[in-house]
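Colleague: First the structure, which I've put down as structure tokens, then a few questions once you've had a look.
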Amino acid sequence: MSIKTLGYMGFAVSDVAAWRSFLTQKLGLMDAGTTDNGDLFRVDSRAWRIAVQQGEVDDLAYAGYEVADAAGLAQMADKLKQAGIAVTTGDASLARRRGVTGLITFADPFGLPLEIYYGASELFEKPFLPGAAVSGFLTAEQGLGHFVRCVPDSDKALAFYTDVLGFRLSDVIHMKLGPDVTVPAYFLHCNERHHTLAIAAFPLPKRIHHFMLEVASLDDVGFAYDRVDADGLITSTLGRHTNDHMVSFYAATPSGLEVEYGWSARTVDRSWSVVRHDSTSMWGHKPARKKA
């Protein structure tokens, strides 16, 4: 038994209304209403995938990973405990707020709250209705998407996510941050999505650099680009990555974190071999020019 997908993310933000507008009107997520789990947003048949709650940190507050069933949850709890990680079984109140059957909570080595759950809520009787023109998001067996975790010690984080949580290395990009500064970024998978998690020792104040959503068509990316660009929020222009071959752009969220919005990433399977890269992109992904 192992982690199957990234199931959900929760953000604590200072301006919930701005996030609601950004997620729905710019990125095309569906507003699923406000609950005691925060403001909820959908991208597919799941009851929610992103939650936004009031908070001053303007950062990722927690992430939830999915396992198949109760047996898988118990096995992951045992594995975490054997590694010396403090694990708490989520009570009925937390399970109700998350809309899951059962879950455990713990933290990664650098304090990011994580959850593993099973039995998420589906809403097939309430079809996904995008907040803006989007033909669909790629989720299902690949999960919600990915995020890039910023840590002070990438070796320690890599050992935790691979040895304890069971992620597998897809590839490494040696990123040049300056003339004499190169930082390795590790890209990890837990299903056929090229990476569900990336880890790097980026000198940033937030827990993550960005999160990624994958859409169904190139036109979905283009229309979203225009919507985001109209407000001057593009941070990196359209480009294609060297490792997952995704065509995407990056934009600033209302909290300053970035979101990657892309299409057509290649997938991995059991025959995949780890490789390395010295560049993040084949073309594009240039810093966006600020509008006058």
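Colleague: What are the residues in region 240-292 that are closer than 24 Å to LEU144 by Cα, touching a Gly at 6+ places or on another chain (Cβ under 7 Å) and not basic (Lys, Arg), if any?
Modeller: MET246, VAL247, SER248, SER281, HIS285
Colleague: Here is a further query. Restricting the first residue to region 5-22 and requiring it to be in contact (Cβ under 8 Å) with a residue 40 or more places away in the chain, which pairs with a second residue that is part of a helix (DSSP H, G or I) and of a type in the set (Gly, Ala, Ser) meet a Cβ separation below 9 Å and a spacing of at least six or different chains?
Modeller: As it stands, the answer is THR5/ALA140, since those pairs meet every condition given.
Colleague: Another question, then. Those residues that are in a helix (DSSP H, G or I) and either modelled with pLDDT under 95 or among the charged types (D, E, K, R) (or both), I need them from region 218-248; list them, please.
Modeller: ASP219, ASP220, ASP226, ARG227, ASP229
Colleague: Could you check LEU73 against (1) in contact with a Phe, Trp or Tyr (Cβ under 6 Å, 6 or more places away or on another chain); (2) surrounded by 13 or more Cβ atoms within 10 Å (Cβ to Cβ); (3) not in a helix (DSSP H, G or I) and say which number it fails?
Modeller: (3)
Colleague: Every residue in region 27-44 that is hydrophobic (A, V, I, L, M, F, W, C) and either assigned to a loop (DSSP other than H, G, I, E, B) or touching a His at 6+ places or on another chain (Cβ under 7 Å) (or both), please. Spell out the reasoning first.
Modeller: Just the residues of region 27-44 that are hydrophobic (A, V, I, L, M, F, W, C), to begin with: 27, 29-30, 32, 40-41, 43.
Selection gives LEU27, LEU29, VAL43.
Colleague: Taking region 202-217, which residues are assigned to a loop (DSSP other than H, G, I, E, B) and touching an Asp or Glu at 6+ places or on another chain (Cβ under 9 Å)? Lay out the reasoning, then the answer.
Modeller: Quick first cut of region 202-217, residues assigned to a loop (DSSP other than H, G, I, E, B) only: 202-207, 216-217.
Of everything in region 202-217, those that are assigned to a loop (DSSP other than H, G, I, E, B) and touching an Asp or Glu at 6+ places or on another chain (Cβ under 9 Å) turn out to be PRO205, LYS206, ARG207.
Colleague: Report yes if some residue within region 190-201 is of a type in the set (Gly, Ala, Ser), without any contact (Cβ under 8 Å) to a residue 60 or more places away in the chain, touching a Lys or Arg at 6+ places or on another chain (Cβ under 9 Å) and not in a loop (DSSP other than H, G, I, E, B); otherwise report no. Break it down into steps so the answer makes sense when it comes.
Modeller: Quick first cut of region 190-201, residues of a type in the set (Gly, Ala, Ser) only: 198, 200-201.
This time we only want the ones that are without any contact (Cβ under 8 Å) to a residue 60 or more places away in the chain, so: 198, 200-201.
If we keep only those that are touching a Lys or Arg at 6+ places or on another chain (Cβ under 9 Å) too, we end up with 198, 200.
Subset that is not in a loop (DSSP other than H, G, I, E, B): 198, 200.
Yes: one or more hits.
Colleague: So, one more: Within region 72-104, which residues are within 18 Å of VAL164 (Cβ to Cβ) and touching a residue at least 40 places away in the same chain (Cβ under 8 Å)?
Modeller: Within region 72-104, GLY72, LEU73, GLN75, MET76, LYS79, LEU80, ALA83, ILE85 meet the criteria.
Colleague: Further, regarding this structure: Could you run through region 74-97 and say how many residues are in contact with a Ser or Thr (Cβ under 9 Å, 6 or more places away or on another chain) and of a type outside the set (Val, Ile, Thr)?
Modeller: Going residue by residue through region 74-97, those that are in contact with a Ser or Thr (Cβ under 9 Å, 6 or more places away or on another chain) are 75-77, 87-90, 94-95, 97.
After this cut, where a residue has to be of a type outside the set (Val, Ile, Thr) as well, the list is 75-77, 90, 94-95, 97.
Selection size over region 74-97: 7.
The values are calculated or read from the model by the stated rules, or taken from the named source; none is laboratory data. Note that the coordinates shown come from a computational prediction; the quantities given were computed from them, not determined experimentally. Here Cβ is always computed from backbone atoms with ideal geometry, including for glycine, and neighbour counts include all displayed protein chains.
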